[in-house]
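The values are calculated or read from the model by the stated rules, or taken from the named source; none is laboratory data. Keep in mind that what you see is a predicted model, and the values were worked out from it rather than measured. Here the Cβ positions follow ideal geometry from the backbone for every residue, glycine too, while neighbour counts run over all protein chains shown.
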Amino acid sequence: MTLSIGVIGTGMIGTEHIRRISQVLSGAEITAVTDVNLDAAKQVAGDLPDAEVFDSGQELIRSGRVDAVLVTSWGPTHEEFVLASIAAGKPVFCEKPLATTAEACRRIIAAEVAAGRRLVQVGFMRRYDASYRELKARIDSGEVGAPLICYSAHRNPSVGESYTSEMAIVDTAVHDFDVTRWLLGEEFTAIRVVPAKQNSLGGGLRDPLLMVVETESGVLVNVETSVNIRYGYDIRGEVVGESGAAALAASSPALADWRERFSAAFDTEFQEWIDTASQPIGPSAWDGYAATVVCDAGVRSLETGERVAVVLGDKPALYEGTPE
């Protein structure tokens, strides 16, 4: 059976996912699109054989032509569309962030719990990258012993003029937070963010940043963001355990951007979502919430220079077993 997907948001990431679903993957088709810029949505629909353009995300979600919803719109709109999808009983894939505040994420969790089943998957694609999956397998096998320290680096050659110092946490390091939660299988309890010597090429940004995040068992996770490093897009990771260490498979540091580094991971992520959309098994609403809470704490730490607690509260039974 072919999954009919409606896409809310036809900007860069939305059109990239539409291309992926339409031309690369199997088992799904794009049957509906919408965007705040309807002309852009109509242009995208013109290249699809059977896609209808809707005036709003709410109309798209209600359409009988839509089995599942893909949300790639502006972050502050995510809560509205995810909640509407849950109310309609339709699986929804939401690119990060799940929502822009912890309170909004909690409302999504409450709606999903009330529905009695998981419908939401959040777009944390690193979990689908082959090198990260290999690293997790090595950790889970006990090869390195009990993890003690985790290193994660996220380097960009440059960022746009609208990029802010806080975005290094909420837009960039958020992927490092999620993937290390997943690698280690435990939650974070505190974070401290320390600006390094300022990069003179950064246009006044507080860049690079070094973040020290603590887990429930006491593992220290060191996250580096450096977003004006010029030489290329470079993702690094290593886990040091009691009896060994394991690192991500090496890749060329001369990659241009995230699309080049994670294209295959996006393919795997969406194919697995298409195959399991009725009972999603990927990153959950709880994972989206946990990432938002640690980001919020990280921003407070950047502002104050202090160690800030990460307080999640009780996890509903619906999400027991995550992070996996």
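Given the condition in contact (Cβ under 8 Å) with a residue 12 or more places away in the chain, out of contact with any Ser or Thr (no Cβ under 7 Å at 6 or more places or on another chain) and farther than 21 Å from residue 291 by Cα, answer yes or no: does some residue in segment 178-191 qualify?
Looking through segment 178-191, none of the residues is in contact (Cβ under 8 Å) with a residue 12 or more places away in the chain, out of contact with any Ser or Thr (no Cβ under 7 Å at 6 or more places or on another chain) and farther than 21 Å from residue 291 by Cα.
Check every one of the strands (runs of 3 or more DSSP E) wholly within segment 124-216 and list those with 3 or more residues that are under 19 Å from the mean Cα position of the chain (by Cα).
Filter on segment 124-216 gives 147-155.
Quick one: count up the residues across segment 74-119 that are outside any loop (DSSP other than H, G, I, E, B) and basic (Lys, Arg).
Going through segment 74-119, the residues outside any loop (DSSP other than H, G, I, E, B) turn out to be 75-87, 92-95, 102-115.
Next cut, basic (Lys, Arg) only: 106-107.
Looking only at that region, the number is 2.
So which residues in segment 217-262 are within 21 Å of residue 130 (Cβ to Cβ), out of contact with any Asp or Glu (no Cβ under 9 Å at 6 or more places or on another chain) and either among the aromatic types (Phe, Trp, Tyr) or not in a loop (DSSP other than H, G, I, E, B) (or both), if there are any at all?
Those that are within 21 Å of residue 130 (Cβ to Cβ), out of contact with any Asp or Glu (no Cβ under 9 Å at 6 or more places or on another chain) and either among the aromatic types (Phe, Trp, Tyr) or not in a loop (DSSP other than H, G, I, E, B) (or both): 234, 238, 239, 258, 260.
One line per residue, one yes/no per condition, for (1) farther than 19 Å from residue 249 by Cβ; (2) outside the structural domain of residue 237 (by TED's automatic domain parsing):
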position: 119; (1), (2): yes, yes
position: 133; (1), (2): no, no
position: 142; (1), (2): yes, no
position: 147; (1), (2): no, no
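Looking at segment 203-215, is at least one residue farther than 23 Å from residue 97 by Cα and surrounded by fewer than 20 Cβ atoms within 10 Å (Cβ to Cβ)?
yes
For residues in segment 216-256 being buried (at least 17 other Cβ atoms within 10 Å of the Cβ) and of a type in the set (Asp, Glu), which is nearest to residue 295 (Cα to Cα)?
224
Limited to segment 236-275, what total is found for residues that are small (Gly, Ala, Ser), in contact with a helix residue (DSSP H, G or I) (Cβ under 6 Å, 6 or more places away or on another chain) and within 30 Å of residue 18 (Cα to Cα)? Before you say what the answer is, go through the steps one by one.
In the first step, residues of segment 236-275 are kept if they are small (Gly, Ala, Ser); the result is 237, 241, 243-247, 249-252, 254, 256, 263-265.
Next cut, in contact with a helix residue (DSSP H, G or I) (Cβ under 6 Å, 6 or more places away or on another chain) only: 246, 249, 265.
Next, from what is left, pick out any that are within 30 Å of residue 18 (Cα to Cα): 249, 265.
Qualifying residue count for the region: 2.
In this structure, does residue 120 turn out to be out of contact with any Leu (no Cβ under 9 Å at 6 or more places or on another chain), under 17 Å from residue 288 (Cβ atoms) and not polar (S, T, N, Q)? Don't jump to the end; show me each part of the working.
Details: out of contact with any Leu (no Cβ under 9 Å at 6 or more places or on another chain): no; under 17 Å from residue 288 (Cβ atoms): yes; not polar (S, T, N, Q): yes.
No.
Can you pull out every residue in segment 286-324 that is without any contact (Cβ under 8 Å) to a residue 60 or more places away in the chain, hydrophobic (A, V, I, L, M, F, W, C) and in a loop (DSSP other than H, G, I, E, B)?
311
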